[in-house]
Amino acid sequence: MTNREAHELARRRGVSPLLYRIVRSLALVVMRVWFRLELQGADNIPRQGAAIVCPNHKSFWDAFFVGAATTRPLRYMAKTELIEGPFGRLLVSLGAFPVRRGQADREALATARALLEQGELVVVFPEGTRVRDPERLGEPHRGAGRLALETGAPIVPAAITGTHRLFWGPLPKPRKVRVAFGKPILPPPVPPTPDAARELVERAVWPEVAAEYRRLRARKGLLAALVALLASAAAAATVRRRRR
């Protein structure tokens with residue numbers, strides 16, 4: 001499938017409702033059981049109308065974990081190479097549309113804008129690419145801010161942890177994945193200039209994403225410390241029993 005065909009199909013036909021429900025239901029079982037998916041603040045995702053979900057980006061699978069938080073079909077950007085591959089049409093039927101990485105892709109923004117004008121739920125990763133280091137976030141781009149200012153769609157900041165290394169080759173790791181959603185941020189009634197879009201993302205949206213991300217990471221550290229404390233206590237109790 002070519003880029004042009006994918007964009008036209010995404011705008012005109014969109015998601016296959018039956019296929020999306022089937023794949024989401026099957027994926028949700030794996031996410032809940034194997035990856036122990038924990039969702040926080042999912043009620044902050046609007047139940048209807050256009051909205052932009054802005055999470056950090058660690059893995060190709062991030063959009064699928066975000067999609068587990070709502071029964072609404074999720075529309076998201078996927079790199080051109082995936083759409084042009086053998087599963088391109090399937091991905092488009094599951095909500096994807098192509099984006100050229102490393103450049104300002106006007107066609108991808110046009111498709112995202114068209115979908116928002118249709119009242120869809122669109123995921124935009126402000127970092128633009130995956131930042132695999134679990135200790136840090138990347139620098140945000142202004143695309144989400146531009147879309148919000150142009151369409152009036154609210155932005156839902158989101159953070160996701162645990163997805164940076166989900167597989168040993170083809171086998172999934174038994175990891176804990178957490179996704180948290182903040183309160184929707186309404187774009188101000190100002191012209192969609194580059195400076196206004198950048199300010200919306202850098203001063204309003206990204207600080208919320210970073211705060212949620214730090215909170216999820218701190219919670220992970222707290223749990224690890226608690227597990228270590230319990231293990232230490234159990235080891236000490238074993239030593240005391242042996243001495244007796």
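The values are calculated or read from the model by the stated rules, or taken from the named source; none is laboratory data. Not measured: the values here are computed from a predicted model. Cβ: placed from backbone, ideal geometry, glycine included. Neighbour counts: every protein chain shown. When the accessible area is computed, the model is the full protein with side chains, heavy atoms only, and any ligands, DNA or RNA have been set aside. Shrake-Rupley method; radii C 1.70, N 1.55, O 1.52, S 1.80 Å.
Remarks
- Linear extension gain, Arg12 paired with Gln103, 0.36 nm per residue minus alpha-carbon span: 30.3 nm
- The Asp195 and Asp43 beta-carbon pair, evaluated with R₀ = 25 Å, returns a calculated FRET efficiency of approximately 0.15.
- Among Asp105, Asp43, the order of accessible area from largest down is Asp43, Asp105, computed with a 1.4 Å probe on protein heavy atoms.
- Here Lys173 sits with roughly 40 square angstrom of accessible surface, probe radius 1.4 Å.
- Reachable aspartates and glutamates from Lys173, criterion Cα separation under 17 angstrom, eight or more residues apart if same chain: Glu38, Asp62
- Nearest-10 value in Å² for the accessible area of Ser25, using the 1.4 Å probe: 70 Å²
- To the nearest ten degrees, helix 106-117 and the longest principal axis of the Cα atoms of the chain are 90 degrees apart.
- Area accessible to solvent at Ile83, 1.4 Å probe radius, in Å²: 0 Å²
- Whole-percent carbon and sulfur share, accessible surface of the chain, 1.4 Å: 56 percent
- Candidates Tyr20, Tyr213, Tyr76, ranked by Gaussian network fluctuation over the chain, Cα under 10 Å, top entry: Tyr20
- FRET efficiency, 1/(1 + (r/R0)^6) with R0 30 Å, evaluated for Arg132 and Arg215 via beta carbons: 0.90
- Normalised per residue, the accessible area of the chain is 54 Å², obtained with a 1.4 Å probe and no contribution from ligands, DNA or RNA.
- Three-way shape call for the range 39-148 based on the alpha-carbon gyration tensor, with the a/c threshold at 1.5: rounded
- Per principal axis, descending, Cα span of the range 25-89 in whole Å: 35, 32, 22
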